[in-house]
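Single-structure report; data block below.
The values are calculated or read from the model by the stated rules, or taken from the named source; none is laboratory data. For clarity, every value in this text was computed on a predicted model and none was experimentally measured. Every residue, glycine as well, gets a Cβ built from its backbone with ideal geometry; the counts of neighbours run over all protein chains shown. Just the protein is used for accessible areas: all its heavy atoms, side chains included, with ligands, DNA and RNA removed. Shrake-Rupley method; radii C 1.70, N 1.55, O 1.52, S 1.80 Å.
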2 protein chains.
Amino acid sequence: MNETGTTEVSQATGKPLSARGLATRARLLESAELVFVELGYHEASIVRITERAGVGLGTFYLYFDSKQSIFEALVLDLNARVRQAMSQAMVGATSRLEAERRGFEGFFAFTAEHPALYRVVREAELVSPQAMREHYARIVEGYREGLRQAQRDGEIAADLDPEVTAWALMGVGELIGMRYVLWERDAQGRAPRSIDPQVLDAAMRFVDGALRSSRRPPHDHDTKEAS
Amino acid sequence: MNETGTTEVSQATGKPLSARGLATRARLLESAELVFVELGYHEASIVRITERAGVGLGTFYLYFDSKQSIFEALVLDLNARVRQAMSQAMVGATSRLEAERRGFEGFFAFTAEHPALYRVVREAELVSPQAMREHYARIVEGYREGLRQAQRDGEIAADLDPEVTAWALMGVGELIGMRYVLWERDAQGRAPRSIDPQVLDAAMRFVDGALRSSRRPPHDHDTKEAS
DNA sequence: CAGCAACCTGAATCACCTTTCAGGTTTGGA
DNA sequence: TCCAAACCTGAAAGGTGATTCAGGTTGCTG
């Protein structure tokens, strides 16, 4: 929550922090998540957000500069939460590959519970490109470091580029999540608790192969290979 | 253009086709692509689209039911074009892995030239989820069949699930394209003609590994493995 | 060149929205 | 208990835009 240091300060009125105000701000953010997911940025109206939050219309502007401002706050909030969910899920993994699987599981579970992640981040492309890039960049950052470490430990192929690989892995997660978690929910009306284990297995088979032996003609040499 | 068979008919007024009208419709679609890319769905207005197309406001409704309707037509049009670009690029490949690389190249080149692809498809999530799914589903379909064939030919690992793998590969392309093609354009102001070859190499190292040996512990057993 | 389709036009209608603001309410400390 | 600071409120100002419609224009046919 305190990720950006803005939590204790109203973006709108300056700096005066709060007591009751803090709760109101939180209620607005929470309501915004629901409303934005349901209606999208443009269809969502401030009135709807405040109504759902149970506060007056004017109250909104005590905590946020504008509609765009609360949207950006929501992107950052979701970003912090999904990263938290992923690293939480990875705790206790005994290998990079296991960590990878658990990270994916955490991501899919979060997706199942917070469809806002996709909706909001995708809309951010137009509403606030800067916030969207920030979102992806932060995820990649941690990812890349994990991969670097795994390379040092000899757990994954040495000839992979950690940065590009991180983006690739994020892409795998994004589309698999969209197709097999997000889209499943509409099929029946009910959302899956998380992902179909068989799909996860299939996805991890792909990922394991990619990380383990990114280049390995039949024999079994050293993995170093300049291109 | 004739993908859906709607080209010769006005969605709005019924069926009467056209002569001069056909050109007007095409001009509207073209203008819509430009305007939607520049402003996004909601900021774009019908007036802007008609002005850029050089026709009167009312004319719009002779050819499209609504703003949403022209947006959907645009999604389908882009989808047909990107798939065409990809399969065109794959012509002449002598192996699945080479086809894979060329397909990616084709996709990245198209992305560089038509940022509309990302913008419009991402917005479709809210504007017309149905059109968005259609877009992804059509791409995956061809992909999946290509993978199946490659499995039959023993070119890629047999234990991969073609469908899940297709989504995974599409994810790799989507995020790598976003980061290294789309985002590069803003850095300097000028768009790259396509992707940095080093990045493409790195990405293909990842993909090759994933497809070639999806599971290969030091020894060399059967690949079957229940979870 | 009359006449009739097929086309085109843009002011007006209708429906909302974001943001402001003048003033009311609540809370906590002295 | 009292009061200032912190909160809250919702009507109204100032906008925007999709869609309709009554009527004008174009161009082909005979």
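Order A:Glu113, B:Glu123, B:Glu43, most accessible first, counting only protein heavy atoms with a 1.4 angstrom probe.
On the way: A:Glu113 135, B:Glu123 20, B:Glu43 110 Å².
Putting A:Glu113, B:Glu123, B:Glu43 in descending order of accessible area: A:Glu113, B:Glu43, B:Glu123.
Kindly give the distances from A:Ala80 to its copy-mates, label point to label point, with each label point 7 Å from Cα along Cα→Cβ, as nm values to one decimal ordered shortest first.
So the label point of A:Ala80 gives 4.8 nm to the other copies.
At a 1.4 Å probe radius, which order do B:Trp167, A:Trp183 fall into by accessible area, largest first?
Reading off the accessible areas and sorting them downward yields A:Trp183, B:Trp167.
Rounded, prolate or oblate: which one fits region A:20-65, using the alpha carbon gyration tensor with axes a ≥ b ≥ c (rounded when a/c is under 1.5, else prolate when a/b beats b/c, else oblate)?
Prolate is the answer for region A:20-65, as a/c is 1.5 or above and a/b outweighs b/c.
B:Ala93 label points, 7 Å along Cα→Cβ, one per copy: pairwise distances from this copy to the rest in nm, shortest first?
Inter-copy label distances (nm, one decimal, shortest first): 2.9.
What accessible surface, in Å², does a 1.4 Å probe find on B:Glu30, ignoring ligands, DNA and RNA and rounding to the nearest 10?
Accessible area of B:Glu30: about 120 Å².
Taking the dipole about the Cα centre of region A:69-212, with the C-beta of Lys and Arg at +1 and of Asp and Glu at -1, give me whichever of A:Gln88, A:Gly209, A:Ala124 is farthest to the positive side.
Farthest along the dipole direction, towards plus: A:Gln88.
Averaged across B:154-167, how many Cβ atoms of other chains sit within 10 Å of each residue's Cβ atom?
4
In nm, to one decimal, how far is the B:Arg190 label point from the B:Glu51 one, both placed 7 Å along Cα→Cβ?
So the two model labels end up 3.1 nm from each other.
What shape does region B:67-212 take by its C-alpha gyration tensor, where a ≥ b ≥ c are the square roots of the eigenvalues and a/c under 1.5 counts as rounded, a/b above b/c as prolate, and the rest as oblate?
Here region B:67-212 falls in the oblate category.
Over region B:31-107, calculate the relative contact order: mean separation of alpha carbon pairs under 8 Å at least 6 apart, over the residue count, as a percent.
Across region B:31-107, relative contact order equals 22 percent.
Given R₀ = 22 Å, FRET efficiency for B:Asp65-A:Trp183 by Cβ-Cβ distance, to 0.05?
Numbers: r = 26 Å, r/R0 = 1.19.
About 0.25, to the nearest 0.05.
Quick check: net charge around B:Val55, other residues with Cβ under 15 Å of its Cβ, Lys/Arg +1 and Asp/Glu -1?
Overall, the nearby charge balance is +3.
Mind listing the label-point distances from A:Ala137 to the same position on all other copies, shortest first, one decimal in nm, points 7 Å along Cα→Cβ?
3.7
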